[in-house]
Amino acid sequence: MGNVSQKVFSVMHYVANKVQRPAVVLLYHRVTTLQQDPQELSVTPANFNAQLTHLASDYHVLDADRFLYHVKNKKPFPERSVFITFDDGYADNYHEALPLLTKHEVPALFYITTSKINTNYELWWDDLERILLTDGNLPPELHITINGQSWQYATGTLTAIRQTYYALQQVLRFCKPAMIESAMEQLYEWSGKDANGRASHRLMTWEEVKAMGGANYATIGCHTHRHPAVGMLSYEEQYTEIGMSKEILEGALGTPQEHFSYPFGGRKFLGSKRYYNADSIKACKALGLQLVTANYYGQVHTWSNPYALPRILVRDWPIDVFRRHMQQFFKY
């Protein structure tokens, strides 16, 4: 987003916040320490602990039920309300994030992708990193077919390999699950690596999901079965993909699932590539989901669409940076 667009959005949010005090939904993915993090999805435990200390002392952190109550009933939020969410279902959510949330008595909602729970397989973007960016000799060129189209990438230098990683990541995120699976199979054969993932990048086991579901400071929500950009699927495919994760989680946990977040979840205004669309909202309503979050900058007000709520992505910010961002989010 350019500087002009950023200024326009800042003015819009400032005006909206003057009309009504907002709530802010924070989006996390991982709480752990990684050797490399090319997608910048992980927050170290030390930084997360400091962030929670600040939130617990200076903000009103709502649990899932309270946040849903305000959204559904269009009730103004308490002053400086914050709602914490996590996407994907990484094992460190249970082992590293939840203990810190419990320590600070701060609640969070965890959206779970179900297809790789209880396996040693990685989510595809982590698998892509494992194949391309970890140790191992790779051929100097990659020839790959994705959705019937042939692609050629240079992989003879570290710089070329890194460029290929980001280029493939951008292509695959708008592909259907079967196309992604086909691409990964080609990459396994090309690289000589198999599909077995790293313990550091696994998702939770079902025992961990159930334990988290019963914890005092955690709520479970859905995040599709295979993590596609649902906006690239037909309505029927979206209904099945979202509904499968809902059905699996309800069967495992024995409780209704009311919450869902769109994979990737960005909001695009131009072009045919969409992370979610009107059919996505229609499918969520048909499945009985009550609150759905996306991934674009914004604050939540009583007039916000409960089936496409904005969230603010948290990076591995030291406390002084996190504090400045929080002040900006609530500026009015």
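The values are calculated or read from the model by the stated rules, or taken from the named source; none is laboratory data. All values derive from a computational prediction rather than experimental measurement. Glycine gets a Cβ as well: all are built from the backbone with ideal geometry, and neighbour counts include every protein chain shown.
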> Among all residue pairs at least 6 apart or on different chains, which show Cβ distances below 7 Å where the first residue, located in the range 36-58, is outside the structural domain of Arg162 (by TED's automatic domain parsing) and the second is of a type in the set (Phe, Trp, Tyr) and part of a loop (DSSP other than H, G, I, E, B)?
Replying inline: Asn47/Trp317
>> Go through the range 60-70 and report how many residues are touching a strand residue (DSSP E or B) at 6+ places or on another chain (Cβ under 6 Å) and crowded, with 18+ Cβ neighbours inside 10 Å.
In response: 5
> How about the range 261-286: which of its residues are hydrophobic (A, V, I, L, M, F, W, C), farther than 18 Å from Lys116 by Cβ and surrounded by 17 or more Cβ atoms within 10 Å (Cβ to Cβ)?
Replying inline: Ile281, Ala283, Cys284
>> For the range 23-46, check the following and say yes or no: at least one residue is closer than 19 Å to Ala215 by Cβ, at pLDDT 95 or above, hydrophobic (A, V, I, L, M, F, W, C) and in a helix (DSSP H, G or I).
In response: no
> For the range 132-225, which fully contained strands (runs of 3 or more DSSP E) count at least 1 residues that are in contact with a Lys or Arg (Cβ under 9 Å, 6 or more places away or on another chain) and under 24 Å from Glu40 (Cα atoms)?
Replying inline: 218-222
> Which of (1) of a type outside the set (A, V, I, L, M); (2) crowded, with 21+ Cβ neighbours inside 10 Å; (3) out of contact with any Lys or Arg (no Cβ under 9 Å at 6 or more places or on another chain) does Gln238 not meet, given it meets every other one?
Replying inline: (3)
> Residues Lys75, Lys116: which one is in contact (Cβ under 8 Å) with a residue 12 or more places away in the chain and loosely packed, with under 14 Cβ neighbours inside 10 Å?
Replying inline: Lys75
> Within the range 151-171, can you find the residues that are of a type in the set (Ser, Thr, Tyr) and out of contact with any strand residue (DSSP E or B) (no Cβ under 7 Å at 6 or more places or on another chain)?
Replying inline: Thr157, Thr159, Tyr165, Tyr166
>> Give me the residue from the range 198-214 that is within 19 Å of the chain's Cα centre (by Cα) and of a type in the set (A, V, I, L, M, F, W, C) and, out of that set, nearest to Thr102 (Cα to Cα).
In response: Met212
> Residues of the range 134-155 being among the small types (Gly, Ala, Ser), modelled with pLDDT of 95 or more and under 16 Å from Ser191 (Cβ atoms), which ones?
Replying inline: Ala154
> Say we look at the range 223-247 and pick out the residues that are touching a His at 6+ places or on another chain (Cβ under 7 Å) and of a type outside the set (Gly, Ala, Ser); which of these is farthest from His95 (Cα to Cα)?
Replying inline: Glu241
>> Quick check on Thr159: is it closer than 28 Å to Asp92 by Cα and of a type outside the set (D, E, K, R)?
In response: no
> Pairs under 6 Å by beta carbon, first residue farther than 12 Å from Ile144 by Cα and assigned by TED's automatic domain parsing to the domain that holds Tyr262 in the range 168-184, partner in a helix (DSSP H, G or I) and modelled with pLDDT of 95 or more, six or more apart or different chains?
Replying inline: none
